[in-house]
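Read the structure below first, then the notes.
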Amino acid sequence: MIVLHIVDYVLKIYNSFPTVAALFILPLISSFEVVKVERQSITVSLPPKLLEAVDRLVVKEGYNSRSDLIREAVRAHIRRNYGSLEKVAEEGV
């Protein structure tokens, strides 16, 4: 998620100040390696009011999609209740 926010900010800077972006920012980010993360799709059914809340949060919090928001919510739940994803994977729930 952090990477996506960085990309959004870089694009905003580039659109507002293309010379600054070309001289200072683009050379920095060109050295980053893009890593593709394997993902599996699931289907989630939500009541209409909850889906409306998700959609409002996607816009308000700047997520790129519902999936990004839900992924972050699941990660936060795991960190809060179990400490880390690794702990859950190793020990089970």
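Just so it is clear, none of the values below were taken in a lab; they were calculated from the coordinates. All of these numbers come straight from a predicted model, not from anything done at the bench. Counting neighbours? That spans all protein chains shown, and the Cβs are built from the backbone with ideal geometry, glycine included.
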| said: Binning at 5 angstrom from zero up to the longest distance, how are the C-alpha pair distances of segment 39-93 distributed in percent? | reply: 4, 17, 21, 22, 19, 11, 5, 1
| Backbone HN-Hα couplings from phi across segment 46-60 [Karplus 6.51/-1.76/1.60, Hz, Gly and Pro as x] | 10, x, x, 5, 5, 5, 4, 5, 4, 4, 5, 5, 4, 6, 4
| message | Could you list Glu72, Glu90 so that the one with the fewest beta carbons within 10 Å of its beta carbon is first and the one with the most is last? | response | Glu90, Glu72
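Going by C-beta contacts inside 10 Å, put Val88, Val59, Val37, Val74 in order with the fewest on the left.
Working: Val88 14, Val59 8, Val37 4, Val74 11.
Fewest to most other Cβ atoms nearby, the residues stand as Val37, Val59, Val74, Val88.
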